[in-house]
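This report concerns only the one structure given below.
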C-alpha cells in the first residue's frame, strides 16, 4: 500500500481508553492547526465504534470550537444519545489540553431501500484528461504564498484533478464554483464505514477555498485568516473513495467575515453518493 494511504489509515486507528472514550494521534499537514478533516474522520471513527456494524452514518453536523494542536493527541468522548429500531444517534466531543476543540452529532441508520431520485451530475471532462494538482512544478510552487507552499508540499493520501484551470499564484477573481476529481492514492478494503470516514477526511479540502475565489483565491491567503467554523455531511449511497469522485463545489455567499460553501459528490457514472456544506471564517488582515 502507498505509504501516504497507510499512514492515513493508521491515523484512524484509535486507542480505546475506556467505554465510549478514545484517543487518536495528530498530523502536521502544513496548516497552522490540526486539519479539520482529521478531527472529523477520527470523531466519526470513534462514533462508529459504538454503533452496531449494520448501521452506517447517514449524516453528521460538526462545529470547530478551538484550534487543534497537531503536536498533541486528541481524546474523543462519545455519548450514546439514542439507539432506536432503525436509527442511532451519537454526540462526540474532541478534547485537547483539557478543553473541547470540536463537537459533532452523527446519525446512523440500518441499510434499507426506499424512494430514490437525485440531481444529475454536471458534464465535465474525465479525470484522465486533467493534470494532477498535487504535482505542481517547482516554478509555480515558488510563486505561491509561503503557507500555501507548506500545505501543498506535504504528502497527502489523495489525488486531485481540477476541471477548471485557475491561477494558483495570482490574485485575480474567479466565479465561486469549481469541480475537482478526487480519489485515494491506493486500493482500500471493502469497508463501507471506512470509506465514509475517509470521505469525511477529504471533504474538508476545497470547500472554503472556493468561497475565496472571487476575492483573490490562493494568492490572497497571506492576507486572509481562514478557519472552518462548522461542517455538515449527508451520505446518500454506498461510496468508494479509491475510485474517482467528482467534487462539485459552489459558494452561494460570503458575508460577515464568513464564507459559505456546499458540494455534491458523484461517482464516475453519475451516481450522487454524498453532499456536504461548510461555513468558515474569512477575515482580512
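Read-outs: derived from the displayed coordinates by stated rules, not from any lab. Values in this document were obtained by computation on a predicted structure and should not be read as measured data. Cβ: placed from backbone, ideal geometry, glycine included. Neighbour counts: every protein chain shown.
Of all residues in the range 79-98, those that are surrounded by 18 or more Cβ atoms within 10 Å (Cβ to Cβ) and closer than 18 Å to residue 11 by Cα total 3.
Okay, residues lined up against (1) free of Cβ contacts under 8 Å to residues at least 40 places away in the same chain; (2) surrounded by fewer than 18 Cβ atoms within 10 Å (Cβ to Cβ); (3) farther than 24 Å from residue 276 by Cα; (4) touching a strand residue (DSSP E or B) at 6+ places or on another chain (Cβ under 7 Å):
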| site | (1), (2), (3), (4) |
| --- | --- |
| 2 | no, yes, yes, no |
| 15 | yes, yes, yes, yes |
| 41 | no, no, no, no |
| 44 | no, no, no, yes |
| 53 | no, yes, no, no |
| 57 | no, no, no, yes |
| 62 | no, no, no, yes |
| 65 | yes, yes, no, yes |
